[in-house]
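The values are calculated or read from the model by the stated rules, or taken from the named source; none is laboratory data. Source: prediction; values computed, not measured. A quick note on method: Cβ atoms are made from the backbone with ideal geometry, for glycine too, and the neighbour counts reach across all protein chains shown. For the accessible areas, the whole protein counts, side chains as well, though only heavy atoms, and no ligand, DNA or RNA atoms are used. Shrake-Rupley method; radii C 1.70, N 1.55, O 1.52, S 1.80 Å.
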Amino acid sequence: MNRQFMRRLSLAVILISAIQGGNVAAQESFRVELGRDGETLGDMRPVFLKFESRPLPAISPKEVARRYQKLFEKSDEPEVRIDALNRLNNIRDRSGQDIGFSDEQQSAVYEEALASYESILARGSFSGKLDELLYQMAKAHALTGQHEESIQRLRQLVGLYPRSSLVPEARFRIAEAAYNTGEYQEAETGYRQLIEGDGHQDLAMKARYMLGWSQFKQGPAAWNRSAETFMALLDQHLPSEATLLDPPQTGLDMIEDSFRVLALMAARTDNSATLAAWLGNRAPVAWPHLLYDRLADLHALEGRFDLAVGINQAFAGNYPEHPAAPDFLAQSVDYWRMAGNTVKAREARADYVARYQSQPEYQELKGQQQALWQDYALFLGDYHYAAQDWTSAAGYYEALAGHSGDTGKLLHLAGDARLQAGNRHKALENYRSAAYGARGYGQPYADAAEAGWAAIKVLRSTLEESAAGAYRGVLAELSSEEQQFGNTFAQDARLSGLRADLANRWYEVGAYDEALAYARSTLVLESANNEERYAAWLVTARVRQRTGEYGLEERAWRQALMLVGSAPDLATTQDEPEQIREQLATAIYRQGEKAAASGDTAVAVAHFQRVNSVLPDSEIAIRARFDASNALLKAAEWQTAINELNRFRLDYPAHELTEEVSEKLVYAYHESRQPLKAAGELMAASERAQDPWPLKLRAAALYHQAGELPERNALYVDWLAVAPDPDAAADHVQQQTMRQRLIESGADSVRQQKAMVTREAASQWHSEETLLWAGKAALALGASAAQEFAGIRLEHPLERALERKQKAMEQAQAYFLEAESFAGETVASEVLYRRAELYRTLAADLMASEVPSELNELEAMQYQMLLEEEAWPLEERAMELHSRNHGRIASQGFDEWIGQSLEALAVMHPGRYDRELRWMSWNMEENEGA
């Protein structure tokens, strides 16, 4: 494995001659040839000593080589033979020609050279460098198969001449020998010594590579060291992104083999976790994706596709921003396809699409990656569409539409899928985009009109199923859709039917302007047929009827009547033409009403007379008289209208319109400022009503307006006696208002005050007025209870009298506190004053209570002292409450109840409060400088 890798290396050959001399420092000029001499000592070519740095003489290298070869064969002097052999090899390498001894002759030549080396060493004198001699002997031993002797010579070289420039090469050969004999720890030590020394750069690179292999060969326990070594080697060869694009050709095999070994070790341990651990503690490098890819390929080639996919996923997860991350995810698809697992392949496609679906992520993809993303998205969309997984299919089509030139078609498909899935909102959005916003390869979408019409069909279906509250909103959306469709596809024959339908729908929801606009737009289309025109005229007539444009309404009814007369099949019912005549008669009559309302009586009469010509002896003729009265009402001719209404009631007592006469009379009486007559009419009507109280309450309001308080109060009292508990805020306010008016008028005040307080406390609804009324009612009740409390004398037996007085006080306190809870700050001062006075009164009454007659003077004095002890806390409480009232001046200002509290305090604590006060002006500037 390492030999094959090394054979692919191409290293520069540097031959520098060594000068004659014996000192060690001079040996640094010697260099070793690498690459050409093989990977083991057995196939090395010897290293030559070059004695001159001058160029070769102008003589044929082949002739010079021949002479040195002859000199080697003829001479008996060892130094001459060695020098001739060195020069011969040097000439061959410098010239680049295949001259000198052949490969077959070299083994015999070095056998002979060994004798010369041994002779020189035995003689103990050598004119050259002994380190070079030892190196040449080691090489000769290696070439003649004497490997142990070769290593021994190299060890001698290292030991005797540690600073020799030949030591790195010697160490490498020693380590290599250990590696070849399976002594991997020794090899590791040798390679590491070479790397940590000052050896040749290329040789150090080769040593690092072999260091990794020696560590790998030691088994899993040394694999982390091996991984670090190989990764350091990769760092040297591939230090940047640029070197990934143009890696050093001399190190390609070494790079490839490093990735292979790393992948092999990771595959035999924890796979991606192992890679993450190796890479996690290192500075960022340029080549991790190549390592992950090599590991994934290894698993895939050996059929472990799930592990291969796991490696891809791990890289994409660990390096999500790496440009190669999408390629790893795409590679997972290929792996699953190789495994024949279509489900997993589909899931891998889905993962790829999901990861790069957003616009920013997609834009980061390269061109080929984007094309692959589109292929995957289309494949998944088609797959799910065929499987009737509509939501998933729509999602892929929508995503693809955002990154494809065929947007219209894709969005149309997505709309169909969304509709099948029941998601009308998204379907509508897709159809709209396909129809109006999509362009396919620079051209409008060919089926844009069909997509636009599909959107209209969706909205129509939605409209049919809409609840009442949502109907109008959907209808507005459908109308907006029609406008866009009409503007874009004005020649589409389906427009007239759609507009006629929209005209009817808008009319049904009371949007008459929209209904009329759609009816008009239908009538102007040449493509509109009789049925659509008939529908448009009917809507026009009804809208004109609603808007009071009765002349235009009459025209529309006549057009509709003409169409249905020429094509009876247009009528949906048998009596529809008759109904149109009734509407026509009504339109004419309403023109009369309109004229009457404007004061043009003659025109009104003329219109009323035309009604009979359209629909003789009809119900509308009877209504004419009734509506004449209405016209008088509208004209504010109140007495005339009253007279007409009374006569109509006499003439048509059984007619349904007669039921409306009473209400119209009430209105006329009220508007003519006859509230008592209006109230009388309501009271009379209430006698006929199943539920009389709505009418009676209205009558009560009119009595109130007229100042007829007894009649009003009687109705209030009767209603409050039977009224149910309020179930709305308005009912509660109405009842409380009635009670307040009864209180103000003095009708059953105490009972109404109690009811006012009770109802307000129990109610969940309140207004500022009802709270104030209840507060004042509670104050009045509290004042009454306080008056009762003050009137209770503390007589003997004192305990019984005191108990009565205490209960009265508690009742008054409860009312006062309730008043404050209702009216708040509005009554707070008065509540504090009255509460304080309760304590003050009780204290005074205790002090004024009579002493039992049976007590002697001493006992009477003790009894009086006991009373004082009981009264003192009450006075303190009274002063506290009055003082709190006094303190409200700062926050609420002065009022009469605070004034009364101050007066009480002046009496209770004259030293503090009974003094004259005057206000002093404050000069801000002077006091700021003080």
Beyond 19 Å, what percent of the Cα pairs of region 494-594 remain?
39 percent
Could you pull out the trypsin sites (Lys or Arg not before Pro) across region 473-525 that fall in loop regions by DSSP (anything but H, G, I, E, B) with no more than 14 other Cβ atoms inside 10 Å?
ARG494
Plugging the Kirkwood radius over Cα pairs into Stokes-Einstein for region 611-713, at a temperature of 4 °C and a viscosity of 1.567 mPa s, what D comes out in µm²/s?
89 µm²/s
Given the whole protein assembly as supplied and a 1.4 Å probe, what does the accessible area of ASP297 come to in Å², nearest 10?
50 Å²
What's the magnitude of the charge dipole for region 668-783 around its Cα centre, counting Lys and Arg as +1 and Asp and Glu as -1 at the beta-carbon? Answer in Debye, nearest 20.
240 debye
Which of LYS776/LYS805; LYS366/LYS426; LYS696/LYS754; LYS344/LYS426; LYS139/LYS217; LYS664/LYS696 have a Cα-Cα distance over 20 Å?
LYS776/LYS805; LYS366/LYS426; LYS696/LYS754; LYS344/LYS426; LYS139/LYS217
Potential extension, ALA387-THR181 segment - 0.36 nm per residue separation minus Cα distance:
67.8 nm
Counting only Cα, what are the radius of gyration and maximum Cα-Cα distance Dmax of region 672-750, in Å?
12.6, 38
Normalised by the residues of region 773-912, what does the relative contact order come to in percent, with Cα pairs under 8 Å and at least six apart?
24 percent
With every protein chain in place, the accessible area of LYS594 for a 1.4 Å probe, in Å² rounded to the nearest 10, comes to 120 Å²
Computed over region 393-483, Cα set: Rg, Dmax in Å
13.2, 44
Heavy-atom accessible area with a 1.4 angstrom probe orders ASP627, ASP389, most exposed first, as ASP389, ASP627
So what's Rg/Rh here for region 782-848, counting alpha carbon atoms and using the Kirkwood radius for Rh?
1.03
Taking only protein heavy atoms and a 1.4 Å probe, the highest-to-lowest accessible-area order of GLU593, GLU321, GLU896 is GLU321, GLU896, GLU593
What nm distance separates the two modelled labels at GLU799 and ARG163, each placed 7 Å from Cα along Cα→Cβ?
12.7 nm
For a protection proxy built on the mean count of beta-carbon atoms within 10 angstrom, sort 568-576, 637-645, 328-336, 219-227 highest first, please.
328-336, 637-645, 219-227, 568-576
Label-point gap, in nm, between ASP651 and ASP600 - each point 7 angstrom along Cα→Cβ
2.5 nm
I'd like the accessible area for LYS807, computed on protein heavy atoms only with a 1.4 Å probe and all protein chains in place. Round to 10 Å², please.
130 Å²
For region 773-912, take the convex hull of the Cα atoms, compute a quarter of its surface area, and give me that in nm², please.
8.9 nm²
Ranked packing of 677-690, 404-417, most packed first, by mean Cβ within 10 Å:
404-417, 677-690
Measuring from label point to label point, each 7 Å out along Cα→Cβ, what is the THR658 to GLU868 span in nm?
9.0 nm
Coordinate range along principal axes, alpha carbons of region 689-834, Å, largest first
63, 29, 26
Give me the log10 of I(q) over I(0) for region 512-565 at q = 0.15, 0.22, 0.26 Å⁻¹, as the Debye formula computes it from C-alpha points; what are the numbers?
-0.35, -0.74, -0.98
Counting Lys and Arg as +1 and Asp and Glu as -1 over every other residue whose Cβ sits under 12 Å from the Cβ of THR462, the net charge comes to -1
With only Lys, Arg, Asp and Glu charged, each at its Cβ (+1 for the first two, -1 for the last two), find how big the charge dipole of region 491-553 is about the Cα centre; round to the nearest 20 debye.
80 debye
Does anything in region 821-857 have its amide N under 11 Å from the 7 Å Cα→Cβ label point of ASP895, and if so which residues?
823-833
